[in-house]
Amino acid sequence: MAKILVLNGSSRENGNTEQLTDIMLKGVSCTRINLRDFLIQPIVDKRHDPAGFTKVDDDYEQIIELVRQHDVLVFATPIYWYGMSGQMKQFIDRWSQSLRDTRFSFKEEMKKKKGFVVICGGDDPYIKGLPLIQQFQYIFQFIGLEYIGYVIGEGNAPGDVLRDNRAISQANYWNTFFHSL
């Protein structure tokens, strides 16, 4: 049985993205974290510094250890200004640090995992959210994470996504898939 980790990038508790993810993973054993509950400092880019990155006193290491322990990563984020949430972006930006970490081979470990994306937005997300899906595909491709799919939901005010029959149908389809892992 695959170990699934949900990385929720929403700043809103029980928001549309979280509600859609809940439908998709109903009855599926998984670990869920809200990035908003962790302190993740911005990256200070030292990719090309011979000494590498300096240790940062925040919660990033705790989250990356969870990532390392799971087989499937679900990236759930609202569409904020036509991109991922700041919390999600800050977390992924810090992967540059993990790529230089000599304690483990981040890229090699990520190649053994699968990635899925859940996004919700209120301004024509089925069209305007596609560049964000593509951005995640490029991120996954770079890091070696196997891309397995996505769900897009439409919703602005809390609970709006529950009236998006297309998104609910897709979430239910993927629920069957996640039960089979």
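The values are calculated or read from the model by the stated rules, or taken from the named source; none is laboratory data. Keep in mind that what you see is a predicted model, and the values were worked out from it rather than measured. Quick reminder, even Gly has a Cβ in these numbers, built from the backbone with ideal geometry, and neighbours come from all protein chains shown. Each accessible area value is taken on the protein alone, full model and side chains, heavy atoms only, with ligands, DNA and RNA left out. Shrake-Rupley method; radii C 1.70, N 1.55, O 1.52, S 1.80 Å.
Note down, for the stretch 98-147, the three equivalent ellipsoid semi-axes (square root of 5 times each alpha carbon gyration tensor eigenvalue), biggest first, whole angstrom.
Details: eigenvalues 157, 19, 14 Å².
Largest first, the stretch 98-147 gives 28, 10, 8 Å.
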*Where does each of 155-161, 48-54 land if you order them by average Cβ count within 10 Å, highest first?*
155-161, 48-54
*asked:* Over the Cα atoms, compute the radius of gyration (one decimal) and Dmax (the largest Cα-Cα distance, rounded to a whole number) for the stretch 72-111, in Å.
replied: 12.3, 36
*Quickly work out the I33-to-K46 label distance, labels modelled 7 Å from Cα along the C-beta direction, and quote it in nm with one decimal.*
2.2 nm
*Pairwise label distance in nanometres, N156 with Y173, each label 7 Å out on the Cα-Cβ vector*: 2.7 nm
*the chain, dipole about Cα centre (Lys/Arg Cβ +1, Asp/Glu Cβ -1), debye to the nearest 20*: 440 debye
*Only Lys, Arg, Asp and Glu count, each charged at its Cβ (+1, +1, -1, -1), so figure out the dipole size of the stretch 1-41 about its Cα centre, rounded to 20 debye.*
100 debye
_Placing +1 on the Cβ of each Lys and Arg and -1 on the Cβ of each Asp and Glu in the stretch 7-146, which of M88, T102, I63 has its Cα farthest towards the positive end of the resulting dipole?_
T102
_Accessible surface of the stretch 1-147, 1.4 Å probe, proportion on carbon and sulfur as whole %_ = 50 percent
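I'd like to check one number: the per residue accessible area of the stretch 2-160, probe 1.4 Å, reported in Å² as a whole number. Intermediate values should be presented prior to the final figure.
Values: 7630 Å² over 159 residues.
In whole numbers, the stretch 2-160 has 48 Å² accessible per residue.
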*Computed over the stretch 1-160, Kirkwood Rh from alpha-carbon pairs, angstrom*: 16.1 Å
